[in-house]
1. With +1 on the Cβ of every Lys and Arg and -1 on the Cβ of every Asp and Glu, and nothing else charged, how large is the dipole of the chain about its Cα centre, in debye rounded to the nearest 20?
2. Can you give me the long-range amide H partners of Gly64? Hydrogens built in the peptide plane at 1.01 Å from N, cutoff under 5 Å, separation of 5 or more residues or another chain.
3. Sort the chain into rounded, prolate or oblate with this rule: let a ≥ b ≥ c be the square roots of the eigenvalues of the Cα gyration tensor; rounded if a/c is under 1.5, and if a/c is not under 1.5, prolate when a/b is larger than b/c, oblate otherwise.
4. Using the Karplus curve 6.51 cos²θ - 1.76 cosθ + 1.60 with θ = phi - 60°, work out ³J(HN,Hα) for each residue of segment 12-23 in order, rounded to whole Hz, and write x for Gly and Pro.
5. What net charge is computed for the residues neighbouring Ile38, neighbours being all others with C-beta under 15 Å from the C-beta of Ile38, Lys and Arg scored +1, Asp and Glu -1?
6. For labels at Trp54 and Glu25 in the simple 7 Å Cα→Cβ model, what's the distance in nm?
7. So what is the 222 nm mean residue ellipticity for the chain from helices alone, if each DSSP H run of at least 4 adds -39500 (n - 2.57) and you divide by all residues, rounding to the nearest 500 deg cm²/dmol?
8. How large is the accessible surface per residue of the chain, computed with a 1.4 Å probe and reported in Å² as a whole number?
Amino acid sequence: MEAVVRLAKLADVDAIFKIRTSVQENHLSEDQLADMGITPEAISQAISETPFGWVSQVCCVPVGFSRVAI
């Protein structure tokens, strides 16, 4: 089983939201995220403009992500 951490890409946006809304601790729904301005469009724009963060994947399947806001 190969684990990889790499820079996030536009193709990861759906997986990022699926992962974020599936957690049990600190859970936020898509509606709650949208109320905070965190939408697929906003994340796509962030990825397009600057290095956004990282995606961890196992066997080519995204399983987590991380972002540092400065």
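1. Numbers: 5 positive and 9 negative charges, 53 e Å.
Value, rounded to 20: 260 debye.
2. Correct list: Ser56.
3. On the way: a/c = 1.97, a/b = 1.24, b/c = 1.59.
Taking the square roots of the gyration eigenvalues as a ≥ b ≥ c, the chain is oblate.
4. Once rounded to whole Hz, the list reads 8, 4, 4, 5, 4, 5, 4, 5, 5, 8, 9, 6.
5. Details: positive: Lys18, Arg20, Arg67; negative: Asp12, Asp14, Glu30, Asp31, Asp35, Glu41.
It works out to a net charge of -3.
6. 1.9 nm
7. Values: 3 runs with 26 residues, N = 70.
Computed ellipticity for the chain at 222 nm equals -10500 deg cm²/dmol.
8. Working: 5080 Å² over 70 residues.
Counting only protein heavy atoms, the per-residue value for the chain is 73 Å².
The values are calculated or read from the model by the stated rules, or taken from the named source; none is laboratory data. Every value quoted in this text rests on a predicted model; they were computed, and no experiment measured them. When we count neighbours, we look across all protein chains shown, and the Cβ atoms used for this are built from the backbone with ideal geometry, even at glycine. Protein only, heavy atoms only, side chains kept; ligands, DNA and RNA dropped before computing areas. Shrake-Rupley method; radii C 1.70, N 1.55, O 1.52, S 1.80 Å.
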